[in-house]
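The values are calculated or read from the model by the stated rules, or taken from the named source; none is laboratory data. Just so we're clear, the structure is a prediction, and the values are computed from it rather than from any experiment. FYI the Cβ positions are ideal-geometry reconstructions off the backbone, even for glycines, and counts take in every protein chain you see. Accessible surface is based on the protein model in full, side chains and every heavy atom, while ligands, DNA and RNA are left aside. Shrake-Rupley method; radii C 1.70, N 1.55, O 1.52, S 1.80 Å.
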Amino acid sequence: MTRGLRRRLTSYGDQEFSLFLRKAFIKAMGFSDDALDRPIVGIADTYSDYNPCHGNVPQLVEAAKRGVMLAGGLPMAFPTISIHESFAAPTSMYLRNLMAMETEEMIRGQPMDAVILIGGCDKTLPAQIMAAASSEVPAIVLPTGPMATGSHRGERLGACTDCRRLWGRFRAGEIDAAELAEINDRLVSSVGTCTVMGTASTMACLAEAMGLTLPMAASAPATSAERVRLAELTGRRAVALAEAGEPTVAELLTPGAMRNGLAVLQALGGSTNGVVHLAAIAGRLGRRLDLSELDELGRLLPVLVDLKPSGVGYMAEFHDAGGVPRLLAEIADALDASAVTVGGVTVGEIVAGVPARYEERIIRRRDDPVVPVGAIAVLGGNLAPRGAVIKHSAATPELQRHEGRAVVFDSVEDMALRLDDAATGIAADDVLVLRNAGPRGAPGMPEAGYIPIPLSLARSGVKDMVRISDARMSGTAFGTVVLHVTPESADGGPLAIVRTGDRIRLDVPARRLELLVGEAEIAARLRDLAPRPDSPRRGYARLFDRHVLQADEGLDFDFLTGSGGD
Ligand code: FES
């Protein structure tokens with residue numbers, strides 16, 4: 001295979017001239033012929049002033065470059081899109097596919113023999129893994145790592161479970177505006193990703209569990225020397241990949257490796273967003289994510305990691321407790337030990353090398369779990385024909401079997417207008433329904449599924465209610481929240497026909513979500529649904545509306561699925 005600068009020559013109709021020109025231009029950066037003859041390792045640089053979760057990327061790029069050069073390669077960093085959760089409108093998920101497309105084409109369009117993907121904030125690692133899964137270039141993932149925790153009046157704080165919890169206390173009148181401002185200064189106390197088991201931590205742990213990173217790369221703190229050393233090691237390893245021309249992400253992500261990811265998702269108490277991203281990654285490999293396998297693993301494996309939002313700890317403690325390798329050792333019976341990792345060893349070999357257990361508070365024993373079942377249950381029923389999910393490890397046990405009156409909001413805007421209005425007349429045992437918040441409806445399936453408790457109920461002490469939507473929820477949130485109802489209401493799913501006053505039954509142990517309305521009435525209401533409005537007239541919004549897939553297929557674009565390569 002063509003290597004180094006000869007890869008991917010610009011087309012002028014004369015290959016030798018293309019190489020001559022390429023060399024002439026790159027020498028303007030001061031490179032010698034010796035440097036330009038080395039294996040080339042691309043480094044996807046996602047630093048952005050808009051992305052504090054990637055604030056340490058310049059240092060990681062520098063260390064990765066050092067590792068590449070120590071191993072005899074030529075590092076070439078290149079910028080890509082960077083997405084931060086709070087700086088992406090209408091929602092970061094809307095932009096994930098754009099980042100995945102851009103990253104894939106930059107890997108494919110520029111000469112590199114291997115690539116290091118540096119990402120961290122929720123959508124960035126999924127976008128990069130999707131991109132690499134569709135590319136023939138061997139890749140290694142380097143997460144940016146979790147941020148440090150802060151403290152407020154003696155209480156430890158970490159983004160962003162505590163952001164939501166304390167905002168809830170402010171809404172309930174338990175905290176005043178002055179104290180809220182004080183908290184705002186302390187919630188995010190360093191660069192790096194959210195330090196609870198939110199989506200960023202989940203995706204970093206899944207990347208490690210599926211063999212796409214070096215061991216411990218998911219959890220080493222963003223600001224630690226260990227993180228920088230991992231970057232250097234990642235650079236070294238990338239040269240070996242560049243020289244061997246393998247493995248690619250598609251080669252690493254066997255069905256067994258994906259199963260390892262699903263098992264870790266359940267035992268971590270991981271984010272429901274992980275299900276969407278794994279579905280998208282599977283789609284890139286021409287496969288469908290097996291939601292029944294996810295549910296079965298959730299019945300087999302309890303939540304063992306005691307981190308917020310399901311538990312109490314933070315990512316630095318997970319790292320100190322042994323991180324992903326320690327967790328893999330605890331659930332080894334459910335794993336494919338033969339899955340090969342990017343470091344060149346199998347999952348079984350990593351497990352065999354895990355030191356003897358030295359703590360049992362953060363990574364629990366199987367016989368002493370945080371929650372006796374896995375993090376996520378997959379629901380079916382007439383309200384979710386293609387499925388829905390609930391993070392039942394972070395839900396109120398008494399609400400997991402519940403029947404109540406539906407109170408329906410037609411959109412995120414409608415919810416914002418009417419939720420706190422006394423005239424809406426919401427009672428604590430009602431079921432809040434939000435629709436038109438799915439992949440096409442919102443668009444981008446915003447994290448609006450965590451419908452706030454109406455103000456008057458919050459002030460009277462109500463902490464949780466059953467909430468149902470076709471939206472997503474932040475991995476840092478908690479509550480009895482049914483998400484990803486598929487098909488979405490904007491695509492004619494049954495959520496579109498629910499009326500305020502209908503009865504809804506949620507039965508998590510039986511994995512059912514039912515609208516208690518007769519079949520003939522459901523069919524009549526579905527027949528009467530208004531047609532979908534036209535797609536936006538131009539640009540990415542039009543592309544998104546016309547091509548985005550549903551949640552069970554990962555919200556990827558229909559033209560990006562299938563086996564990879566050129
Ligand atoms: Fe970036 Fe939480 S906002 S990881």
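The table for this structure:
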{"quantity": "Listed residues Arg361, Arg96, Arg418, Arg171 arranged by accessible area, highest first, probe 1.4 Å", "calculated": "Arg361, Arg418, Arg171, Arg96"}
{"quantity": "Cβ-based charge dipole, the chain, positive-most Cα from Gln550, Leu516, Ala114", "calculated": "Ala114"}
{"quantity": "Helix runs (DSSP H) in the chain reaching 18 Å along axis by Cα, Kyte-Doolittle at least -0.5", "calculated": "57-70, 92-109, 225-244, 255-268"}
{"quantity": "Charge sum, other residues only, whose C-beta stays under 12 Å from Ala490's C-beta, Lys/Arg counted +1 and Asp/Glu -1", "calculated": "-2"}
{"quantity": "Sites Thr10 and Phe78 - FRET efficiency at Förster radius 25 Å, r taken between beta-carbons, to 0.05", "calculated": "0.95"}
{"quantity": "Positive-end residue, the chain charge dipole about Cα centroid, Cβ charges, pick of Pro58, Ala375, Ala148", "calculated": "Pro58"}
{"quantity": "Surface per residue (accessible, 1.4 Å probe) for the chain, Å²", "calculated": "38 Å²"}
{"quantity": "Compactness index (Cα Rg / 2.2 N^0.38 Å), the chain", "calculated": "0.97"}
{"quantity": "Accessible carbon and sulfur surface of the stretch 1-67 relative to its total accessible area, %, 1.4 Å", "calculated": "53 percent"}
{"quantity": "Solvent-accessible area of Arg259 with every protein chain in place, 1.4 Å probe, in Å² to the nearest 10", "calculated": "70 Å²"}
{"quantity": "5 angstrom amide H check on Met76, placed H, neighbours 5+ away", "calculated": "Val41, Gly42, Ile43"}
{"quantity": "For the stretch 1-65 versus the stretch 359-378, the gap between their alpha-carbon centres in whole angstrom", "calculated": "45 Å"}
{"quantity": "Packing-based order for 517-526, 236-245, 366-375, 270-279, using average beta carbon neighbours within 10 Å, highest first", "calculated": "270-279, 236-245, 366-375, 517-526"}
{"quantity": "Amide H partners (placed H, <5 Å) of Gly270, local residues excluded", "calculated": "Ala375"}
{"quantity": "Those Cys residues of the chain for which no other cysteine Cβ falls under 4.7 Å", "calculated": "Cys194, Cys205"}
{"quantity": "In order through the stretch 454-460: 3J(HN,Hα) via Karplus (6.51 cos²θ - 1.76 cosθ + 1.60), integer Hz, x for Gly, Pro", "calculated": "x, 3, 5, 6, 4, 6, 9"}
{"quantity": "Extreme residue, positive dipole direction of the chain, given options Leu335, Pro247, Ala321 (C-beta unit charges)", "calculated": "Pro247"}
{"quantity": "Residue-wise HN-Hα coupling along the stretch 461-477, computed from phi with Karplus coefficients 6.51, -1.76, 1.60 (Hz; x: Gly, Pro)", "calculated": "x, 6, 9, 8, 9, 6, 10, 9, 7, 9, 8, 9, 9, 4, x, 8, 8"}
{"quantity": "Straight-distance crosslink candidates among lysines, where the alpha carbon sits under 22 Å from Lys23 and sequence neighbours closer than 8 are dropped", "calculated": "Lys65"}
{"quantity": "Net charge dipole size for the chain [Lys, Arg +1 and Asp, Glu -1 on Cβ; Debye, nearest 20]", "calculated": "280 debye"}
{"quantity": "For Gly119, distant residues with modelled amide H under 5 Å away", "calculated": "Leu142, Thr144"}
